[in-house]
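Notes to accompany the following structure.
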Amino acid sequence: MNTKSGFAATALAAGLIVAFSNAAAAEGLYGSLMGGYSFLQDTTLGGERTDLNRNQDAVKLDNSYIFGGAIGYSFKDPWRVEGEVTYQKYDVDKIRNDDTGVFQNGTGDVGVLSFGINGFYDFRQTGWSVVPYIGAGVGAVYADADDVQRPGRRTLNESAVAPTAVGLLGVSYDLSKSVVLTAGYRFQWIGVLDGSHLRGNGTTVNAEVDDVFIHSVTAGLRFNF
């Protein structure tokens, strides 16, 4: 092999190493932003009203976009931990008429603001251009029904707080030492939502909404400080 050929081979090998391998991730703080699309496992929410003493389907919701951000800390590979905030808003599609049992067109929306602590395990391996990860977290959600109404009825504006848990998996790709591209899937469970509504005649209706399960696909950027 002549000198030029040897130099070319060395340069090619160095380029491949830079392009297709990942060094250990830097320890320290990071911030992240993400967006995506969410859909309910069951678009019809069911629950129980105390004045009816029975479970029933009550509201059908459309799908939603999801947005969020997090502040975290990367320990020595493979662990990360972060505090996360996400937001989804589901438009109301149909509302059940309690008198007839028929679903009618509805208006309004339900916002879901989630706060959680997540832990991650990164499967970083030499020779891999992407880094798979898995994660899990727990937290709380604030759900807010805004101007929910069916024809001929008063609007509903109520809120409730419930526990939540998430499972996460995805992949990341180091665009640079400071910027990481991510893509993933998240499964969110929201516990029973307890709420009450004051009627126009002065009576109060107490209700529970059954467990809610949400699937989301997301993409985002992580910024290492």
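The values are calculated or read from the model by the stated rules, or taken from the named source; none is laboratory data. All values reported here derive from a predicted model rather than from experimental measurement. All Cβ positions, even for glycine, are placed from backbone atoms using ideal geometry, and neighbour counts span all protein chains on display.
Being in a strand (DSSP E or B), free of Cβ contacts under 8 Å to residues at least 60 places away in the same chain and farther than 19 Å from Thr43 by Cβ narrows it down to one of Thr100, Thr86, Thr164, so name that one. Even if it seems obvious, please write down each step before you answer.
On the way: Thr100 fails: in a strand (DSSP E or B); Thr164 fails: farther than 19 Å from Thr43 by Cβ.
Selected residue: Thr86, the only one of Thr100, Thr86, Thr164 that is in a strand (DSSP E or B), free of Cβ contacts under 8 Å to residues at least 60 places away in the same chain and farther than 19 Å from Thr43 by Cβ.
The set of residues from the range 181-213 being surrounded by 19 or more Cβ atoms within 10 Å (Cβ to Cβ) and either over 18 Å from Gly68 (Cβ atoms) or at pLDDT below 95 (or both) comprises Ile190, Leu193, Val209, Val212. Of everything listed in (1) part of a strand (DSSP E or B); (2) of a type in the set (A, V, I, L, M, F, W, C); (3) under 30 Å from Tyr30 (Cβ atoms), the single unmet condition for Trp128 is (1). With respect to Val171, determine if the residue is in a strand (DSSP E or B), more than 12 Å from the chain's Cα centre (by Cα), modelled with pLDDT under 95 and hydrophobic (A, V, I, L, M, F, W, C). Against the criterion (in a strand (DSSP E or B), more than 12 Å from the chain's Cα centre (by Cα), modelled with pLDDT under 95 and hydrophobic (A, V, I, L, M, F, W, C)), Val171 does not qualify.
Candidates Asp57, Asp62: the one that is farther than 21 Å from Leu168 by Cβ, out of contact with any helix residue (DSSP H, G or I) (no Cβ under 6 Å at 6 or more places or on another chain) and at pLDDT 90 or above is Asp62.
Regarding the range 105-127, can at least one residue be identified that is within 16 Å of Pro151 (Cβ to Cβ) and among the charged types (D, E, K, R)?
Here is the first cut: in the range 105-127, the residues within 16 Å of Pro151 (Cβ to Cβ) are 105-108.
This time we only want the ones that are among the charged types (D, E, K, R), so: none.
There is no residue in the range 105-127 that is within 16 Å of Pro151 (Cβ to Cβ) and among the charged types (D, E, K, R).
Whether a residue is modelled with pLDDT of 85 or more and out of contact with any Lys or Arg (no Cβ under 8 Å at 6 or more places or on another chain) was assessed, and Gly127 does not pass this test.
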